[in-house]
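Okay, handing you the structure first.
The values are calculated or read from the model by the stated rules, or taken from the named source; none is laboratory data. None of the values given here were measured: they were computed from a predicted structure. Counting neighbours? That spans all protein chains shown, and the Cβs are built from the backbone with ideal geometry, glycine included. Surface accessibility is based on the protein's heavy atoms, side chains included, excluding ligands, DNA and RNA. Shrake-Rupley method; radii C 1.70, N 1.55, O 1.52, S 1.80 Å.
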Amino acid sequence: MRTTVPLSSLPRRAGALLTAVFCALVLAPAVAKADNPIVQHIYTADPAPLVHNGRVYLYTGHDEDGSTWFTMKEWRVWSSDDMVNWTDHGSPLNIGTFAWASKDAWAGQAIQRNGKFYWYVPVVNRATGRMAIGVAVADSPTGPFRDAIGRPLVENGEIDPTVFIDDNGQAYLYWGNPNLWYVRLNADMTSFSGSPTQIPLTTAGFGSRSGDASRPTLYEEGPWVYKRNGLYYNVFAAKCCSEFIAYSTAPSPTGPWTYRGTIMPTQGSSFTNHAGIVDFKGSSYFFYHNGALPGGGGFTRSVAVEKFTYNADGTIPTINMTTGGAPQAGTLNPYVRQEAETIAWGSGIETEPSSEGGMNVGWIENGDYVKVKGVAFGTGARTFSARVASAGSGGTVEVRVDGPNGPVVGRCGVSGTGGWQNWTTVSCAVSGATGTRDLYLRFAGGSGYLFNVNWWQFTA
């Protein structure tokens, strides 16, 4: 999510945006020290969660390192079955997927229908120079995605699509900044009936903003529309800059909307915010972004999540940013193969596509580590195995519990394999890994990059 500034309105809005840019560049963000933000090895923004087959799939944008604008070239996918250990599925969709697009992989949302997954995203149409909404389709929630129609689905220069399918099967696509629009999607999810309809932005419907006569309501951008107990919710980013998260409700998907107030007040070191809400395993979760990682700010953002409970009357309580994030919903089974890129917290590592499929953890140096939260060892693990590769001299996987400097329960040596994608499996004995513990794979060795890790598994 980002705030567009049309040339015709630049003098009016330049002051607020320049102030936000200044803050993003010079104010030092707080450094997170727990498990929130949920991704630490790249900057992520604009979270769009989707629950499918017992997992939460999270679709995000990717802020490039060192950005001083909303420099975004690809989208990323993550998933979790416990809300704390997130698997990196890489980038199954990027600007190049749309032959007609030139730049700006900004905030979108994916949805499932009839065994297909449709991802609606805003990009710049090369032919017109305006923002347009494209739609990509895949057979899996993790892609790969392809351009579904080879052209924009809809184009009016505005951004931030959200998609919703009502109980009667009618699908709606909403989007907009500075306005708010919707269309009724056809059952194919790649076309729509009628013309785009503009939703009246009334103060009764979207709150009252002061100081900007051309934008009398709080609505800014980033709508997120869903239905709960017969009531329709529209959660949105309010009043740039800095934004907070507010919401409205309605008796139908097209209104009339009634403003309900603030969900997440202005806070954190990003001057934008963008929300997504889902229910998962009987609980409700609120996703957002901030600038809490080292080097983070308004153009280098990070996705985070909080658990919350609706009030008895269906209203949403005030939710504040935390470094703790959501509690774990279940435990992780170490006795089945686990991808190395399934991480609660990572330090120093990065990920890349693996020649064996999926992603692997790489760029590992001495002292880097990966934390996996809530690992259910039960009566005890006997051995640990890892799939590794090294074009260097290798190193050691230190299997620790309770902390990056916690007790060592096993050590696996890794030798050079002749290439960063030449994979082999190493194993070692384990002693003392019992109960439910946080697992830390700490990597040790000489200078430079040590080795890559594709997956790991314990035996009981």
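For region 299-360, state what percent of all Cα-Cα pairs lands in each successive 10 Å bin, counting from 0 Å until the bin that includes the largest distance.
Final binned percentages: 14, 32, 32, 17, 5, 0.
Okay, moving on. Would you please put 272-281, 397-406 in order of how densely packed they are, using the mean number of other Cβ atoms within 10 angstrom per residue and starting with the highest?
Output ranking for 272-281, 397-406: 272-281, 397-406.
Another question about this same structure. Angle between the Cα long axis of helix 10-26 and the longest principal axis of the chain, 0 to 90 degrees, nearest 10?
Between the helix axis and the principal axis of the chain, the angle is about 20 degrees.
Same structure, new question: Please list, ordered by chain and number, the residues whose modelled amide H lies under 5 Å from the amide H of Ala329; skip anything fewer than 5 residues away on the same chain.
Under 5 Å from the amide H of Ala329: Met83, Val84.
Let me ask something else about it. Pull up the cross-link candidates among the lysines for Lys73, meaning alpha carbon to alpha carbon under 17 Å and not fewer than 8 places away within one chain.
The reachable lysines, counting only those whose Cα sits under 17 Å from Lys73, are Lys103.
Which of the peptides 306-313, 448-455, 229-236 is most tightly packed, and how do the rest follow, judged by the mean count of other Cβ atoms within 10 Å per residue?
Peptide ranking by packing, descending: 448-455, 229-236, 306-313.
Under the classification rounded if a/c is under 1.5, otherwise prolate if a/b is larger than b/c and oblate if not, where does region 23-173 fall, given a ≥ b ≥ c as square roots of the Cα gyration tensor eigenvalues?
oblate
On to the next question. Could you list which residues have their amide H under 5 Å from that of Lys103, counting only those 5 or more apart in sequence or on another chain, with H placed in the peptide plane?
Val124
Could you run the Karplus curve 6.51 cos²θ - 1.76 cosθ + 1.60 with θ = phi - 60° over region 293-309 and give me ³J(HN,Hα) per residue in whole Hz, x for Gly and Pro?
Going residue by residue, I get 7, x, x, x, x, x, 10, 9, 9, 9, 7, 9, 8, 10, 8, 8, 10 Hz, with x marking Gly and Pro.
Going by the alpha-carbon gyration tensor, a ≥ b ≥ c the square roots of its eigenvalues, is region 133-217 rounded (a/c under 1.5) or, if a/c is not under 1.5, prolate (a/b greater than b/c) versus oblate?
Cα axes put region 133-217 in the prolate bin.
Residue by residue through region 315-324, which ³J(HN,Hα) values in whole Hz follow from phi under the Karplus form 6.51 cos²θ - 1.76 cosθ + 1.60 (θ = phi - 60°), with glycine and proline marked x?
Listing the rounded values in order: 6, 9, x, 5, 10, 10, 5, 10, 8, x Hz.
Under 13 Å from the Cβ of Arg437, count the other residues' Cβ atoms, weight Lys and Arg +1, Asp and Glu -1, and hand me the total.
Net of charged neighbours comes to +1.
Moving on to the next point. A 28 angstrom limit on the alpha carbon distance is what I want to check against. Which of Lys116/Lys373; Lys307/Lys373; Lys281/Lys373 exceed it?
Correct reply: Lys116/Lys373.
I've got another one for you. Which order do the peptides 255-266, 366-377 come out in when sorted by mean C-beta neighbours inside 10 angstrom, highest first?
Highest-to-lowest ranking by the protection proxy: 366-377, 255-266.
Starting at the first residue of region 222-238, write each ³J(HN,Hα) from the Karplus equation 6.51 cos²θ - 1.76 cosθ + 1.60 with θ = phi - 60°, in whole Hz, x for Gly and Pro.
Working through the residues one at a time gives x, x, 9, 10, 7, 10, 8, 6, x, 10, 9, 10, 10, 9, 8, 7, 10 Hz.
Within the set of other residues whose C-beta is less than 14 Å from the C-beta of Thr266, count the net charge using Lys and Arg as +1 and Asp and Glu as -1.
Neighbour charge sum, excluding Thr266 itself: 0.
Within the set of other residues whose C-beta is less than 13 Å from the C-beta of Gly367, count the net charge using Lys and Arg as +1 and Asp and Glu as -1.
Charge balance near Gly367 sits at -1.
Taking a temperature of 10 °C and a viscosity of 1.306 mPa s, what whole-number D in µm²/s does Stokes-Einstein yield for region 222-346 with Rh from Kirkwood over alpha carbon pairs?
99
Within the accessible area of region 347-460, what % is carbon and sulfur when the probe is 1.4 Å and the other protein chains stay in place?
It is 45 percent, rounded to a whole number.
Could you please state, rounded to a whole Å, how far the C-alpha centre of region 408-460 is from the C-alpha centre of region 188-248?
49
In addition: Return the equivalent ellipsoid semi-axes of region 280-412 as a descending list in whole Å, where each equals the square root of 5 times an eigenvalue of the C-alpha gyration tensor.
Listed largest to smallest, the semi-axes of region 280-412 are 32, 20, 14 Å.
Let me know the volume per residue of the alpha-carbon convex hull for the chain, in Å³.
Dividing the Cα hull volume of the chain by its residues yields 142 Å³.
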